[in-house]
Amino acid sequence: MNLFRRPAPSLDDLILDAPHEDLPSDALMPTVARPAQVFVRGQGSWLWDSEDRAYLDFSQGSAANSLGHSPQVLVKALADQTQALINPGNGLHNRPQLNLVDRLCHHTGSDQGYLLNSGAEACEAAIKLARKWGQQHRGGAYHIISASTGCHGRSFAAMAASTGAGGNRFEPQLPGFSHVPFNDLPALHAAVDAQTVAIMLEPIQGAAGVIPATEHYLKGVERLCRELGILLILDEVHTGIGRCGTLLVEQQYGVRADIITLGKGLGGGVPLAALLARGKACCFEVGELDGTHHGNALMAAAGEAVLKTVVEEGFLEQVRESGLYLGEGLARLAYRYDHGQLRGHGLMWGLTLSDDSADAVVKAALHEGLILNAPQPNCLRFTPALTVSKSNIDEMLLRLARAFSRVRTAQLQCRKGIAV
């Protein structure tokens, strides 16, 4: 008996043949778990690290890079605007801000819009707007109902409206929020009371693993809001700006929200978000919403370039076609490797795995030169560029298959207790 035998390797050891050497990171707060690679350039669906290795990116900054990495239309818009005007201040008008708000309202059928820096900020602003409306039209009602496993951001009010943001480790939570199970109309009916001012939902829950609302549910929520005279807030930070094959995913469900939040893909990779309001929900007054960088000319120019591209004739049709192609390929892989349910619309897909191996698959995929995202321990999320090609999808499927095989082999070796 060899008392000095080295212990069996971990799953990570078996997945990664040659782990990337760790880089110094003492100065960076450890708030996000990141691999050791440092990425230095990107183009379209590809990223390159400091060692000039190429990676196929099917996360795209968690869906922020709607047109892929460094698209020429965005590069030109930013370069031109940088030379003209960057940020005159939110207290002054600038042309890109006015243009983008006008275009957003026109294409979404909204009455007013406001530009911010992030989706979480947009959700915070939506909460403020709803409570202001409650003061004016519902006797000071302030209570907002949202869905369990939902995620609306990581600022304080957004966390209070969420249960899927990794847990609230910063107690106490802000009051005035409650959560009911997603896709459960009776639970929603039971939760509404005289202090309820709004129902706030993601039409497709992104962080929960790409969980779509059913059409029956979302139409029922809209009907409930109309019957009771309360607001419907749709958080389209993840799903908006063409991600699901239409400009807003509400269009696919045939519903109409009073307040909509946008972010991620609106800026094409730069920090930009929007709050949209319709009808009597437009009730902000001077001094009630402000921010140093809100609506700055540089980011607004980026958003205008992205929006112009997305609404071009044939663009969203191509997103839908690419989405079907990606979904069919993922379904074949899921069947081959005995994984679970595939869910999604357009170019936003979630694949449930047969076990809690999502992080291991993400690491194995990185080894294969593929960047993926795991929003849940048993789920992979796919949000490629809206411009992704079928050849890129085919390449992704090949690399993902190798990652699945690598994880399966490592799992089998771990079970057998193989030591090195």
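The values are calculated or read from the model by the stated rules, or taken from the named source; none is laboratory data. Bear in mind the structure is a predicted one, so any value in this text is a computation, not a measurement. In this analysis, Cβ positions are derived from the backbone assuming ideal geometry, glycine residues included, and neighbour counts consider all displayed protein chains.
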| Selected residue (criterion: farthest from MET396 (Cα to Cα)) from residues of the stretch 59-81 that are part of a helix (DSSP H, G or I) and aliphatic (A, V, I, L, M) | ALA79
| field | Pick from the stretch 324-358, criterion of a type in the set (D, E, K, R) and surrounded by fewer than 18 Cβ atoms within 10 Å (Cβ to Cβ), ranking: nearest to ARG243 (Cα to Cα) | value | GLU328
| request: Tell me, yes or no, whether the stretch 82-101 has at least one residue that is under 25 Å from ASP394 (Cα atoms), at pLDDT 95 or above and among the charged types (D, E, K, R). | output: no
| task | Tell me, yes or no, whether the stretch 88-96 has at least one residue that is touching a strand residue (DSSP E or B) at 6+ places or on another chain (Cβ under 9 Å), part of a helix (DSSP H, G or I), closer than 30 Å to ALA157 by Cα and of a type outside the set (Asp, Glu). | result | no
| Which residue pairs have Cβ atoms under 6 Å apart, sit 6 or more places apart or on different chains, and have a first residue in the stretch 107-122 that is in contact (Cβ under 8 Å) with a residue 24 or more places away in the chain and a second that is of a type in the set (Val, Ile, Thr) and assigned to a loop (DSSP other than H, G, I, E, B)? | HIS107/VAL311; GLY119/VAL237
| note | Of the listed residues (ARG103, ARG154, ARG131), the one being out of contact with any Asp or Glu (no Cβ under 7 Å at 6 or more places or on another chain), in contact (Cβ under 8 Å) with a residue 60 or more places away in the chain and of a type in the set (D, E, K, R) is ARG131
| query | How many of the residues making up the stretch 347-376 are within 22 Å of HIS69 (Cα to Cα) and polar (S, T, N, Q)? | reply | 1
| Residues that are of a type in the set (Asp, Glu) and touching a residue at least 24 places away in the same chain (Cβ under 8 Å), drawn from the stretch 291-334 | GLU304
| Under the condition of being β-branched (Val, Ile, Thr) and surrounded by fewer than 12 Cβ atoms within 10 Å (Cβ to Cβ), which residue from the stretch 31-84 is nearest to the chain's Cα centre (by Cα)? | VAL32
| said: Quick check on the stretch 312-332. Is at least one of its residues in a loop (DSSP other than H, G, I, E, B), of a type outside the set (Phe, Trp, Tyr) and within 22 Å of the chain's Cα centre (by Cα)? | reply: no
| If you scan the stretch 210-246, which residues turn out to be more than 14 Å from the chain's Cα centre (by Cα), part of a loop (DSSP other than H, G, I, E, B) and buried (at least 22 other Cβ atoms within 10 Å of the Cβ)? | ALA213, ILE230, GLY245
| said: Looking for something buried (at least 18 other Cβ atoms within 10 Å of the Cβ), modelled with pLDDT of 95 or more and within 23 Å of LEU224 (Cβ to Cβ) - is there at least one such residue anywhere in the stretch 158-174? | reply: no
| task | Name the one entry in GLN136, GLN112 that is surrounded by fewer than 22 Cβ atoms within 10 Å (Cβ to Cβ) and out of contact with any Phe, Trp or Tyr (no Cβ under 9 Å at 6 or more places or on another chain). | result | GLN136
| Where residues in the stretch 380-420 are at pLDDT below 95, in a loop (DSSP other than H, G, I, E, B) and among the aliphatic types (A, V, I, L, M), which of them is nearest to ALA54 (Cα to Cα)? | VAL420
| note | Over the stretch 189-224, the set of residues under 16 Å from ILE127 (Cα atoms) and not β-branched (Val, Ile, Thr) is GLN195, ALA198, MET200, LEU201, GLU202
| query | Looking only at the stretch 192-209, which residues are over 23 Å from the mean Cα position of the chain (by Cα) and crowded, with 20+ Cβ neighbours inside 10 Å? | reply | THR196, VAL197
| request: For residues that are β-branched (Val, Ile, Thr) and either farther than 16 Å from SER62 by Cβ or at pLDDT below 95 (or both), tally how many sit in the stretch 347-369. | output: 2
